[in-house]
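Here is the structure we will look at, set down as structure tokens.
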Amino acid sequence: MIVASKAVEKRQQAAPAKVDPRDEPSAEWGWHGGFPKGARIAGWVTVVALLAMIYNNHENNTENVWLIAIAAGIVIGLLVDIKKKRTAWRR
């Protein structure tokens with residue numbers, strides 16, 4: 001009980017860090033972040049576009065191997081991101 005109250009007291013005493021507008025100009029007008037949802041959507045659109053490129057006039061299948069490998073790499077990254085997003089609250 002005492003340990004928990006000390007942690008709460010420390011958290012209340014700590015002031016939020018100020019961002020210097022010279023280092024990060026976007027802090028002046030209030031926005032300071034990223035577009036995680038937009039990045040995920042762009043990733044899935046990229047995967048679809050890469051897989052759509054398979055249906056083209058290729059001489060051999062070397063291009064198809066590269067397209068599938070890159071699309072698979074992006075899909076793995078997106079799935080890892082989904083997993084991290086689901087378990088982020090546990091930390």
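The values are calculated or read from the model by the stated rules, or taken from the named source; none is laboratory data. Keep in mind the model is a prediction, meaning the values are calculated, not measured. Methodologically, a virtual Cβ is constructed for each residue, glycine included, from the backbone with ideal geometry; neighbour enumeration extends over all protein chains shown. For accessibility, only protein heavy atoms count, side chains too; no ligands or nucleic acids. Shrake-Rupley method; radii C 1.70, N 1.55, O 1.52, S 1.80 Å.
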Just checking, does region 5-27 include any residue being among the acidic types (D, E), modelled with pLDDT of 85 or more and not in a loop (DSSP other than H, G, I, E, B)?
no
For region 50-91, what are the residues that are open to solvent by 90 Å² or more (accessible area, probe 1.4 Å) and either charged (D, E, K, R) or in contact with a Cys (Cβ under 8 Å, 6 or more places away or on another chain) (or both)?
E59, K83, K84, K85, R86, R90, R91
